[in-house]
1. Given points 7 Å out from each Cα along the Cα-Cβ axis, report the Arg88 to Leu64 separation in nanometres with one decimal.
2. First measure r as the distance between the Cβ atoms of Gln41 and Asp187, then evaluate 1/(1 + (r/R0)^6) with R0 = 41 Å and state the FRET efficiency to the nearest 0.05.
3. Based on the Cβ-Cβ distance of Glu74 and Glu139, what FRET efficiency does E = 1/(1 + (r/R0)^6) give at R0 = 45 Å, to the nearest 0.05?
4. For Arg174, what residues show an amide H to amide H distance below 5 Å, using hydrogens built from the backbone and excluding near sequence neighbours?
5. Report the far tail of the P(r) of the stretch 15-213, meaning the percent of Cα-Cα pairs longer than 32 Å.
6. Going through the cross-link list Lys65/Lys166; Lys82/Lys208; Lys73/Lys164; Lys82/Lys166; Lys132/Lys196, which pairs have a Cα-Cα distance over 26 Å in this structure?
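Just so you know, all these numbers are worked out from the coordinates, no wet-lab data involved. Please read all numbers here as calculations on a predicted model, not as lab measurements. Cβ placement follows ideal geometry from the backbone for every residue including glycine, while neighbour counts extend to all protein chains displayed.
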Amino acid sequence: MSGCLILPVLIVFIVEGRIADEIAPRGKSENASQLNDSLRQELLRRFQEDQKARRAVLPLFEKLKISDPAQIKELDLPEVKKLNEIDRRNTDRMKEIVNQHGWPGKTLVGADGANAAWLLVQHADHDLDFQKRCLALMEKSVKQGQASGGDWAYLTDRVRIAEKRKQLYGTQLRQVNGRWQPLPIEDASNVDQRRKEVGLPSLADYLKFVETTFKPKVEQKDKQP
């Protein structure tokens, strides 16, 4: 995990939550009779808790001069312990939800609830097998209109990078000399076509959004969020 710092935890802290908020469709399910609003509200609450914990940890990167999220998550600090506890707790709860309902799609928990469920799984990096299980379930849900193709693409890339493979959609980034760059992409010349197919903006527009939203305070070589 040196050099280019290719990690299974890439845009792991606040970045994906902010992007999720940008790209996720809003509102409840159109079929209110099938909506489990209690579960939806739980997922949204867990989403907010996830993001709050990550915001609390972000200052440690600059303070401790750490660029590797894996190092952060190994520190014996209150903020880190809380983050790890939240991730484990959310993963355990998502396993219960998936066992009971399958993938919690838009009809069950609304578009925003389904998006929140995805983010909780996206941050379950300590359990790759569960992420892969959810990836397969999400793929079926996308075809049924029950999950976001963009969310599925993010999890696809997350799993592929964790397995030390090239990503397909260019969602996982690193900082090199203060500029955001995607980790290696398979068949990079066609990445924009694949992104379009799942409802994501072009790679150039995505990088522009990240650069604008997360401007680094100091240029630092090979830094990742």
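1. 1.7 nm
2. Step by step, r from the Cβ atoms, then E = 0.50.
3. Efficiency, from the Cβ-Cβ distance: 0.90.
4. HN-HN under 5 Å from Arg174: Gln181, Leu183.
5. Tail of P(r) above 32 Å: 14 percent of Cα pairs.
6. Table pairs above 26 Å Cα-Cα are Lys65/Lys166; Lys82/Lys208; Lys82/Lys166.
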